[in-house]
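Structure first, commentary second.
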Amino acid sequence: MSPVRALAVMLALLPAVPALAQRPPVTIPSPGTTTTTLTHAFDRAAPQPLQLWAPRTLLGFQNVEHGHGRLHVTCTDTPARGRCPRGDSGEGPGGRQPILLEFHEPRSGQRREVGVTGWLERVEWERTCSDDYWDKSEYPLWTSATRECHVAPAGTAATLQVAASEIGALVAGRWQAELHLDVRSGLGGAVLGRHAFVLEVNVTDPGRAAIYLPEHGASAALMDLQLQLRAQPPPASVGGEGVLDMCLYDGLGSLSSQLVLIARDGGPDAPGRPREYFSVWHQGGGRQTHDRVDYRLQLLHAGQSIALHPGADTLLADIDSAELRPVLLPGMDQTVHCVPTPLTFITPRVPAAEKRDGRYQGDLTLEMRLPTRRP
């Protein structure tokens, strides 16, 4: 029998050697005005952040004697283009603070301030107090303060972004804003250059699209046909008109070129009834002519009266240039702008003797279709 020999293998676990951190490239602050145009689009149900300066965007990095370790960023004297300190605050590490920027929606005239969050990070020329050249502290954008560790820092980087929670406060529409920031020297605060961000944000909110009835605060209502009995001239007749305040919100900032409305009569078939009419029916039942009262619908849009026929597509053009009305939709904390389209219920006069006395009721459903191509 051959002897069994055990082979002992010793495994030595050695710590991984980290890759050597690389020094950032030499960067000189950009003189003059640097303009950056950013276009951003999102569905308000799922807002997405907007990045202006990517994390650790170098503003300046050079030998220590150039003083780029104290660069800072300030707002200008135009508050609509960013509200923040206009000079060196001298603050120490304080983390991330917002610049208040005014966004404007030209179609509705709405204005809203949104917070643009930014911060600075200092960079070493040699790895004197860090293992990767970067000071781990975050400074407000508008301070020249720094943490000196034997040797002053040699550069400054910035991050600038709009969080999803902030930009999600914008309602549907095409929003515009300009943010102007000055990059200043840490030695006396002289302006070395300006950065202008031209922002265009297209917000859609199709999930909120609605046929809204402002007087009822909802999209459903009990409508009175305003029928009146008139004895003179004989024979006695019944008829009238009722107006329903209605507003169309497309969830696209009222920027659709057109919308389609469909009116549906929820009642039973009415043989012999003119095709442009809808009906309400006597609550006591019955399906004869004297058991129903017929009415037609007239919509007012852009100064024109438009007839709605049962089940037919009615095209409403020029939504993007029509008059607007601010409304507060259910479940929202700020107004949106919809297109007023009052709806008139017209009941032609008929002899009262031809109709049963009592109450009549019917169901009318309005459906709005949005364009497949969004603005």
Problem set entry | strands (runs of 3 or more DSSP E) enclosed by region 282-355 - at least 3 residues per element that are surrounded by 19 or more Cβ atoms within 10 Å (Cβ to Cβ), aliphatic (A, V, I, L, M) and not assigned by TED's automatic domain parsing to the domain that holds residue 109 | 292-301
Problem set entry | Filtered residue count, region 58-78, keeping only those that are under 25 Å from residue 168 (Cα atoms) and in contact with a Leu (Cβ under 8 Å, 6 or more places away or on another chain) | 1
Seminar exercise, completed: If you go through 35, 74, the only one that is under 28 Å from the mean Cα position of the chain (by Cα), in a strand (DSSP E or B) and surrounded by fewer than 17 Cβ atoms within 10 Å (Cβ to Cβ) is 35
Exercise. Considering only residues of region 131-140 that are in contact (Cβ under 8 Å) with a residue 60 or more places away in the chain and surrounded by fewer than 21 Cβ atoms within 10 Å (Cβ to Cβ), which is nearest to the chain's Cα centre (by Cα)?
Worked result: 134
For this session: Please indicate, with yes or no, whether at least one residue in region 240-248 is over 22 Å from residue 314 (Cα atoms) and not charged (D, E, K, R).
Result: yes
Problem set entry | residue 141 of a type outside the set (Asp, Glu), closer than 14 Å to residue 82 by Cβ and touching a His at 6+ places or on another chain (Cβ under 7 Å) | yes
Problem set entry | Failed condition for residue 69, given (1) under 30 Å from residue 208 (Cα atoms); (2) buried (at least 16 other Cβ atoms within 10 Å of the Cβ); (3) among the small types (Gly, Ala, Ser) | (1)
Problem set entry | Condition check for residue 155: within 28 Å of residue 104 (Cα to Cα) and assigned by TED's automatic domain parsing to the domain that holds residue 49 | no
For this session: Quick one: which residue in 158, 164 is buried (at least 20 other Cβ atoms within 10 Å of the Cβ) and among the small types (Gly, Ala, Ser)?
Result: 158
For this session: For residue 366, state whether it is in contact with a His (Cβ under 7 Å, 6 or more places away or on another chain) and either without any contact (Cβ under 8 Å) to a residue 60 or more places away in the chain or part of a strand (DSSP E or B) (or both).
Result: no
For this session: Could you please find all residues in region 102-126 being within 23 Å of residue 58 (Cβ to Cβ) and surrounded by 16 or more Cβ atoms within 10 Å (Cβ to Cβ)?
Result: 116, 117, 118, 119, 120, 121, 122, 123, 124, 125
Problem set entry | All positions within region 110-119 that are in contact (Cβ under 8 Å) with a residue 60 or more places away in the chain and more than 19 Å from the chain's Cα centre (by Cα) | 118
Exercise. Residue 194 fails exactly one of the following numbered conditions: (1) in a strand (DSSP E or B); (2) buried (at least 19 other Cβ atoms within 10 Å of the Cβ); (3) not aromatic (Phe, Trp, Tyr). What is the number of that condition?
Worked result: (2)
For this session: For region 158-172, state whether one or more residues are in a strand (DSSP E or B) and in contact with an Asp or Glu (Cβ under 7 Å, 6 or more places away or on another chain).
Result: no
For this session: Could you tell me whether region 243-255 includes any residue that is surrounded by fewer than 18 Cβ atoms within 10 Å (Cβ to Cβ) and either in a strand (DSSP E or B) or outside the structural domain of residue 336 (by TED's automatic domain parsing) (or both)?
Result: yes
For this session: Considering only region 271-316, state which residues are more than 26 Å from residue 342 (Cβ to Cβ) and free of Cβ contacts under 8 Å to residues at least 60 places away in the same chain.
Result: 271, 272, 285, 287, 288
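The values are calculated or read from the model by the stated rules, or taken from the named source; none is laboratory data. Quick caveat: nothing in here was measured; it's all calculated off a predicted structure. Please note: Cβ atoms are built from the backbone with ideal geometry, for glycine as well, and neighbour counts cover all protein chains shown.
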